[in-house]
Amino acid sequence: MTEERAEITGGAHLARALRAEGITRVFGIPGTHNLEIFAQLAAEDIEIITPRHEQGAGFMADGAARASGEVQVVVTTTGPAVLNALTALLQSFTDSVPVLLIGPGMPLTHPGRGNGLLHEVRNQSQAIEAILGDSHRVTSPGEVSLALGQALSTMRTGRARPAYIEIPLDLIETEGPGWLHPAVTRGVPAPEPSAIRSAAEALAGSQRPLLIVGAGARSAGPEIEELSEALGAGVILSSNAKGTIDDGFENCLGAIGVLEELPDLLGAADAVVAIGTELAPSDFWPEPLPLPHTVVRIDLDEIQMLRNARVTHPIPAHAKDSTTALTHRLQQTRSPSLSQSALEWLRSRQETIAAAAANDGTPWAILSGALNDYTASAESTVIVAADSTMCCYYGVQTGWNARRGDRFLYPAGAGTLGYGLPAGIGAKLAVPESTVVAIEGDGGAMFTITELAAAVQARVSLTLIIVDNGGYGEIRNEMADRGDTPAGVALLGPDFPALARSMGARGHHIDTRAQLLSALRDAEDFAGPSLIHMTEDSRAATDMLGRSRDNDESRQHDRPRDAHDRPRKNEESDLT
């Protein structure tokens with residue numbers, strides 16, 4: 001046996017190939033059908049992070065991939081374990097996040113109609129392929145390395161997407177020959193000079209230009225600011241593009257995809273440059289977006305050019321190179337007076353947009369204000385791992401002032417609940433020098449609150465803020481807006497701080513902005529997770545918790561009196 005050609009088990013082929021590709025950590029739970037895989041992962045000194053649910057493993061990997069930009073790996077056992085992880089992989093697919101799911105499948109000779117084998121799914125690979133599109137069921141131990149190399153080649157080139165490798169469980173412990181098949185990636189295409197020239201000509205005379213920036217442009221922050229200055233254009237960000245440029249940049253309009261004022265703003269524009277964004281309804285809620293006639297689109301995915309917009313000037317290339325080339329051309333051709341005129345139009349709109357964002361975010365002003373205080377003095381990168389909840393998309397998304405390099409991890413496409421905590425755990429593991437704050441509502445938190453135990457075990461230092469409105473507040477509001485009597489949305493929540501302490505984390509309740517800022521700073525010194533519970537001041541909370549908070553932050557508030565929210569104990573005397 002040589003290092004190039006090995007006669008080893010399928011599980012050993014997998015672990016050996018992962019190590020060769022630089023994968024040093026996997027997220028997953030051992031099970032009856034994957035024991036050989038975990039034995040070989042340990043033998044290769046690959047770190048194993050054990051969540052409390054496979055969905056948590058997927059969200060952790062997603063958060064780690066977003067924060068690091070590198071492929072992350074989830075390993076599950078058969079059947080329900082793979083399907084548990086699939087919700088998280090759907091989230092990764094819709095948000096273009098490179099997560100590789102690896103799981104055992106039924107044996108090669110398994111009856112097509114099944115025979116009742118443990119965890120049986122008759123066509124597990126096909127079920128996953130229906131969600132991810134990229135699914136590979138291997139047929140020999142040696143094919144495992146080939147499948148891994150092929151999957152990583154695709155995931156590391158062009159638009160990032162998740163993938164799935166299935167190893168029939170009878171091959172995991174079967175020995176067979178195989179070679180390492182290193183992943184191969186192609187270079188990023190350079191923008192065509194003719195495409196740049198054509199786009200610049202179309203933009204040269206624009207009087208009301210806007211840039212719309214998505215997470216696919218994260219590497220091009222300084223270049224986007226330069227393009228904005230060359231055009232005099234305002235910059236609109238998708239949720240996951242927060243931190244690409246500084247929210248304090250003078251031309252930044254922010255992540256305003258949720259604002260009712262967005263259609264009016266876009267309707268008044270005469271040119272849009274869309275960079276690394278799907279222009280998707282999950283990011284920009286008006287549907288369809290009222291885009292102007294001139295739409296320049298920069299994206300690695302040429303198919304993306306045909307989605308959600310009629311594109312007049314496609315540039316299928318890397319955001320950084322294309323933006324640089326476009327700026328250089330405009331600096332040569334665009335009149336400074338036109339750019340100044342465009343800036344005057346932008347300034348006339350910025351105050352209206354800022355006021356609308358502040359108004360929509362009023363119920364979460366304490367949260368956003370404390371986050372801003374905290375971020376302004378932070379010495380490290382701040383990563384906010386958000387959930388699909390009102391306090392995040394109405395509050396933090398528009399109200400938090402991210403610096404260039406900070407991150408907002410948000411489950412935009414699939415809109416899954418329970419994403420924030422496990423994604424934050426993954427982000428902290430991937431970028432340990434960062435400061436991570438996860439934010440969830442009380443309803444979504446209960447989907448994955450058990451991952452606090454995983455964070456305690458892995459000694460992951462992060463803060464989880466739970467913003468409580470007594471249940472599924474957004475759905476309650478939608479019911480009320482239809483004229484329905486809200487039903488099935490009010491929840492009997494636990495004592496969240498006590499629940500956190502029972503799992504070995506810290507937990508306390510806060511009422512004011514000053515208390516929240518103090519708690520965030522205090523959490524930095526704890527080698528593990530800290531949970532902060534707060535109640536929001538909103539119409540949903542008024543209904544489901546029985547009373548509204550007073551807007552005077554200096555007043556100490558009584559806890560809600562009805563059964564939907566039992567009184568919490570504030571045992572952290574330094575916060576009162």
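The values are calculated or read from the model by the stated rules, or taken from the named source; none is laboratory data. Everything numeric in this text was worked out from a predicted model, so none of it was measured. All Cβ positions, glycine included, derive from the backbone under ideal geometry; neighbour counts span all protein chains shown.
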(Q) Going residue by residue through segment 291-312, is there one that turns out to be basic (Lys, Arg), surrounded by fewer than 19 Cβ atoms within 10 Å (Cβ to Cβ), outside the structural domain of Thr375 (by TED's automatic domain parsing) and under 26 Å from Arg186 (Cα atoms)? (A) yes
**Q.** Single residue of Ala325, Ala365, Ala370, Ala342 found to be surrounded by fewer than 19 Cβ atoms within 10 Å (Cβ to Cβ) and modelled with pLDDT of 95 or more
**A.** Ala365
Q) Out of the residues in segment 321-366 that are in a loop (DSSP other than H, G, I, E, B) and in contact with a helix residue (DSSP H, G or I) (Cβ under 6 Å, 6 or more places away or on another chain), which is farthest from Gly441 (Cα to Cα)? A) Arg334
Q: Look at segment 218-274 and say how many of its residues are among the small types (Gly, Ala, Ser) and under 25 Å from the mean Cα position of the chain (by Cα).
A: 13
Q) Got a number for residues in segment 413-429 being over 17 Å from Cys391 (Cα atoms) and surrounded by fewer than 22 Cβ atoms within 10 Å (Cβ to Cβ)? A) 2
Q | Among (1) in contact (Cβ under 8 Å) with a residue 40 or more places away in the chain; (2) touching an Asp or Glu at 6+ places or on another chain (Cβ under 9 Å) - the single one Leu265 does not satisfy | A | (2)
Q) Residue check, Thr512 against (1) over 14 Å from Pro363 (Cβ atoms); (2) at pLDDT 95 or above; (3) touching a Gly at 6+ places or on another chain (Cβ under 9 Å), all met but one. Which one? A) (3)
Q: Identify all residues within segment 459-506 that are in contact with a helix residue (DSSP H, G or I) (Cβ under 6 Å, 6 or more places away or on another chain) and acidic (Asp, Glu); write none if there are none.
A: Asp468, Glu474
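Test Ser228 against the stated conditions and say whether it is of a type in the set (Ser, Thr, Tyr), surrounded by fewer than 24 Cβ atoms within 10 Å (Cβ to Cβ) and not in a strand (DSSP E or B). I'd like the intermediate steps shown before the answer.
Details: of a type in the set (Ser, Thr, Tyr): yes; surrounded by fewer than 24 Cβ atoms within 10 Å (Cβ to Cβ): no; not in a strand (DSSP E or B): yes.
Considered against the rule, which asks whether it is of a type in the set (Ser, Thr, Tyr), surrounded by fewer than 24 Cβ atoms within 10 Å (Cβ to Cβ) and not in a strand (DSSP E or B), Ser228 comes out as no.
Counting residues that are over 21 Å from Ala458 (Cβ atoms), at pLDDT 95 or above and hydrophobic (A, V, I, L, M, F, W, C), which helices (runs of 4 or more DSSP H) fully inside segment 1-84 reach at least 2? Walk me through it before giving the result.
Working: elements: 10-20, 35-43, 54-68.
Because the criterion is at least 2 residues that are over 21 Å from Ala458 (Cβ atoms), at pLDDT 95 or above and hydrophobic (A, V, I, L, M, F, W, C), the helices (runs of 4 or more DSSP H) in segment 1-84 that meet it are 10-20.
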**Q.** Set Gly395, Gly405, Gly418: member being at pLDDT 95 or above, over 10 Å from the mean Cα position of the chain (by Cα), under 19 Å from Phe249 (Cβ atoms) and not assigned by TED's automatic domain parsing to the domain that holds Leu132
**A.** Gly405
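Where in segment 383-481 are there helices (runs of 4 or more DSSP H), lying fully within it, with 2 or more residues that are touching an Asp or Glu at 6+ places or on another chain (Cβ under 9 Å)?
Values: elements: 420-430, 442-448, 451-457, 473-481.
Because the criterion is at least 2 residues that are touching an Asp or Glu at 6+ places or on another chain (Cβ under 9 Å), the helices (runs of 4 or more DSSP H) in segment 383-481 that meet it are 420-430, 442-448, 473-481.
Out of all the residues in segment 122-138, is one or more of a type outside the set (Val, Ile, Thr) and within 18 Å of Ala15 (Cβ to Cβ)? Break it down stepwise before answering.
Of segment 122-138, the ones of a type outside the set (Val, Ile, Thr) are 122-127, 129-130, 132-137.
From what's left, within 18 Å of Ala15 (Cβ to Cβ): 136.
Yes, some residue in segment 122-138 is of a type outside the set (Val, Ile, Thr) and within 18 Å of Ala15 (Cβ to Cβ).
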Q: Scan segment 300-320 residue by residue and report those that are in contact with a strand residue (DSSP E or B) (Cβ under 6 Å, 6 or more places away or on another chain), assigned to a loop (DSSP other than H, G, I, E, B) and among the aliphatic types (A, V, I, L, M).
A: Ala309, Val311
Q | Identity of the residue in segment 505-543, basic (Lys, Arg) and part of a helix (DSSP H, G or I), that ends up surrounded by the most Cβ atoms within 10 Å (Cβ to Cβ) | A | Arg513
Q. Going by the structure shown, is Asp45 farther than 25 Å from Ser238 by Cα, of a type in the set (Asp, Glu) and not assigned by TED's automatic domain parsing to the domain that holds Tyr419?
A. yes
